[in-house]
1. How large is ³J(HN,Hα) for each residue in the stretch 13-28, as worked out from phi by the Karplus curve 6.51 cos²θ - 1.76 cosθ + 1.60 (θ = phi - 60°), to whole Hz, x for Gly and Pro?
2. All other residues with a Cβ under 15 Å from the Cβ of Ala52 taken together, and with Lys, Arg as +1 and Asp, Glu as -1, what is their net charge?
3. List residues of the stretch 56-72, by number, whose backbone nitrogen lies under 17 Å from a label position 7 Å along Cα→C-beta of Asn45.
4. Measure off 7 Å from each Cα along the Cα-to-Cβ vector at Glu25 and Gln74, then give the distance between these two points in nanometres to one decimal.
Amino acid sequence: MPRWTDADRTPLAVLRAKGGLSRNEAAVKLNVGLTTLGRYEIGANDVPMGVAEQMATLYGVTFDEVRAAVAETQAKPEELATVSGEEQGIQGLIKKKFPKNITGIKAKGAKKQ
């Protein structure tokens with residue numbers, strides 16, 4: 001099985017990997033969910049200031065490096081979000097496989113049409 005390279009990762013994921021952490025290890029140590037960390041890494045969610053500070057300490061980088069990685073990711077989310085199915089998480093794979101809501105389940109609070 002091929003290994004991930006820095007070219008396959010988003011800037012924030014590169015910092016995490018250089019810190020020697022898997023996404024799961026980082027999520028546990030940052031006290032955030034695995035999916036949440038993945039969404040931070042692809043720029044789908046904003047990274048709270050406190051979490052960014054923890055990332056800098058945990059990854060062994062400066063806060064400015066984390067901030068620059070977040071800014072770079074958010075500057076081109078459409079490109080980075082297509083890196084790979086694993087980087088996107090299971091939701092990305094589901095959306096690719098089933099682009100329309102085929103189950104008929106609506107999001108919580110959605111109005112009937």
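Read-outs throughout are calculated quantities, based only on the coordinates presented, and are distinct from any laboratory measurement. Since the structure is predicted, the reported quantities are computational estimates derived from the model, not experimental observations. As a convention, Cβ positions derive from the backbone with ideal geometry for all residues, glycine included, and neighbour counts pool all protein chains shown.
1. For the stretch 13-28, the Karplus curve yields 5, 4, 4, 4, 5, 5, x, x, 10, 7, 4, 4, 4, 5, 4, 4 Hz.
2. Working: positive: Arg16, Lys29, Arg39, Arg67; negative: Glu41, Asp46, Glu53, Asp64, Glu65, Glu72.
So the surrounding residues net to -2.
3. Only 56, 70-71 fall inside the zone, counting backbone N under 17 Å.
4. Reported label-point gap for Glu25 and Gln74 is 2.8 nm.
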